[in-house]
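The values are calculated or read from the model by the stated rules, or taken from the named source; none is laboratory data. Because the structure is predicted, anything quoted here is derived from the model rather than measured. Positions of Cβ are generated from backbone atoms using ideal geometry, with glycine treated the same way; all protein chains shown enter the neighbour counts.
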Amino acid sequence: MKFKYQAKTKDGEMQVGFVDAANRDTAAAILTSHELFVLALIEEAPPGILDRLSSFFNRVRQKDLIIFARQLSTLLQARLPLNDALKVLHQQTVNGPLKEAIYQVGEDIDAGLSFSQALERQGRIFPPYYTEMVRAAEVTGNLNEVADFLADYTEKEGNLASKISSAMIYPAIVLMLFAVVAFILLTFVYPSLGSVFAQNGVTLPWYTEILLSTGIFLEKWWPAVIIGVLALGVLGINYAESDEGQAVLDEAKIRLPITKNIFVPVVLARFGNAAALLVRGGIPIAQSLEILSHMLGNSLYRDVVHDIADGVRQGSLLSESIAKYPGYFPPLVSQMIAVGETTGKVEDMFARVAAIYTREADQTANNLVDLIQPVMMIGMGLMVGLLFASVLIPIYNLTANIH
């Protein structure tokens with residue numbers, strides 16, 4: 001639950017913001033622990049459709065997070081204290097939600113929270129891997145390097161997502177326009193043609209009969225159909241945002257043939273990059289795996305990596321533990337890590353795993369760009385041809401009967 005609060009600091013300054021908590025008492029306790037005197041605490045209503053649209057257009061983009069990480073790294077390398085660096089970033093940030101989040105992070109750090117704890121409280125802005133990597137940096141003391149890694153990592157993820165979305169935008173627009181035109185034809189044109197064909201006793205192909213029956217149904221019930229489609233869309237979005245829906249989507253990403261070829265290399269590249277940095281920073285393998293389990297962006301991989309960490313704690317080699325899950329980690333991964341364990345250069349093997357699957361993910365995305373548009377155009381051509389054939393062939397038969 002989210003609560004909007006109004007409070008005063010111990011210096012008498014007024015402070016307004018939001019706090020996430022299970023209930024009102026917990027929210028008040030959190031604020032009190034930060035030495036705030038609570039004046040008002042109001043539960044925020046769940047966001048409506050307009051609020052969601054507004055948050056969509058005012059969302060924090062990956063570009064904003066990349067700039068944030070780059071600038072943070074630069075300021076820390078200049079030996080500026082973290083609090084001062086956050087104040088500078090707050091002044092320079094243009095994006096409203098990110099600007100507010102940076103301010104809240106600075107306030108939480110001033111109140112005694114660690115940097116990772118402060119980021120975790122702004123989970124709607126900063127992805128989980130931000131929090132986990134910063135938490136690891138607090139252990140190893142390499143926050144500068146982690147900030148650079150986060151910027152590079154977010155940029156790579158953004159470039160890959162951009163390639164995939166670029167491949168999908170044009171076909172999606174064409175498909176949407178086709179759906180609108182087909183709906184109009186079926187609802188308002190086909191029923192009239194059907195009565196003409198029936199009066200003249202024209203024999204209709206089976207596909208024309210199906211489309212005419214669909215058109216007659218839509219002519220009577222099209223408002224209900226539109227409302228039903230919109231309702232299903234809203235329910236689908238809400239389900240996808242739930243824990244169960246997210247788990248279903250995560251499984252589909254790594255099980256379905258097409259999505260598997262895209263998302264599995266991305267997850268493995270993410271695994272290798274982060275593992276190399278964590279191990280190089282001196283964090284034990286088991287602890288690195290626990291951190292990694294929250295960074296992979298997939299609930300199935302999270303559970304698997306957690307099990308692998310348990311196996312390492314019990315004395316198994318990392319390569320042996322990974323080899324138990326061939327459905328998630330190809331044999332190449334466990335074999336390369338086994339080589340790293342033998343030579344004492346596990347972090348180098350992690351980096352090579354990341355390089356291999358980064359190239360594979362890029363290649364798959366490029367192939368998708370080259371493949372999806374012609375496939376969509378062929379499919380659209382076939383559907384358009386079916387629509388016109390279902391009308392033109394009966395019209396040809398009608399004119400032939402007349403002559």
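Some notes on this structure:
- Close pairs (8 angstrom Cβ cut-off, 6 or more residues apart or separate chains): more than 18 Å from Ile262 (Cβ to Cβ) and among the acidic types (Asp, Glu) in the stretch 143-163, at pLDDT 80 or above and in a helix (DSSP H, G or I) anywhere: Asp148/Ala69; Asp148/Arg70; Asp148/Ser73; Glu155/Ile66
- Only listed residue being farther than 22 Å from Glu107 by Cβ, of a type outside the set (Asp, Glu) and at pLDDT 85 or above, chosen from Thr93, Thr74: Thr74
- Qualifying residue in the stretch 214-221 (condition: out of contact with any helix residue (DSSP H, G or I) (no Cβ under 8 Å at 6 or more places or on another chain) and at pLDDT below 85): no
- The residue that is nearest to Leu332 (Cα to Cα), among those in the stretch 236-286 that are assigned to a helix (DSSP H, G or I) and of a type in the set (Ser, Thr, Tyr), is Thr259.
- Residues (more than 18 Å from Val266 (Cβ to Cβ) and among the hydroxyl-bearing types (Ser, Thr, Tyr)) located in the stretch 304-357: Ser316, Ser319, Ser321, Ser334, Thr342, Thr343
- Checked against (1) crowded, with 19+ Cβ neighbours inside 10 Å; (2) free of Cβ contacts under 8 Å to residues at least 40 places away in the same chain; (3) under 20 Å from the mean Cα position of the chain (by Cα), Glu132 meets all criteria but (2).
- Within the set Met349, Met376, Met380, the sole residue that is at pLDDT 85 or above and not charged (D, E, K, R) turns out to be Met349.
- Of the residues examined, Glu251 is not one that is surrounded by 12 or more Cβ atoms within 10 Å (Cβ to Cβ) and either on the phi > 0 side of the Ramachandran plot or not assigned by TED's automatic domain parsing to the domain that holds Ala355 (or both).
- Taken as a whole, the condition of being without any contact (Cβ under 8 Å) to a residue 24 or more places away in the chain and crowded, with 19+ Cβ neighbours inside 10 Å applies to Gly106.
One line per residue, one yes/no per condition, for (1) surrounded by 18 or more Cβ atoms within 10 Å (Cβ to Cβ); (2) more than 21 Å from the chain's Cα centre (by Cα); (3) modelled with pLDDT of 90 or more; (4) outside the structural domain of Leu249 (by TED's automatic domain parsing):
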| residue | (1), (2), (3), (4) |
| --- | --- |
| Ser288 | yes, yes, no, no |
| Ile308 | yes, yes, yes, no |
| Phe329 | yes, yes, yes, no |
| Val339 | no, yes, yes, no |
| Ala365 | yes, no, no, no |
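- Pick from the stretch 173-218, criterion loosely packed, with under 12 Cβ neighbours inside 10 Å and within 24 Å of the chain's Cα centre (by Cα), ranking: nearest to Arg61 (Cα to Cα): Ile173
- Verdict on Ala338 being closer than 25 Å to Ser162 by Cα and of a type in the set (Gly, Ala, Ser): no
- One residue stands out in the stretch 254-286 among those that are modelled with pLDDT of 80 or more and within 15 Å of the chain's Cα centre (by Cα): the one that is surrounded by the fewest Cβ atoms within 10 Å (Cβ to Cβ), namely Ile254.
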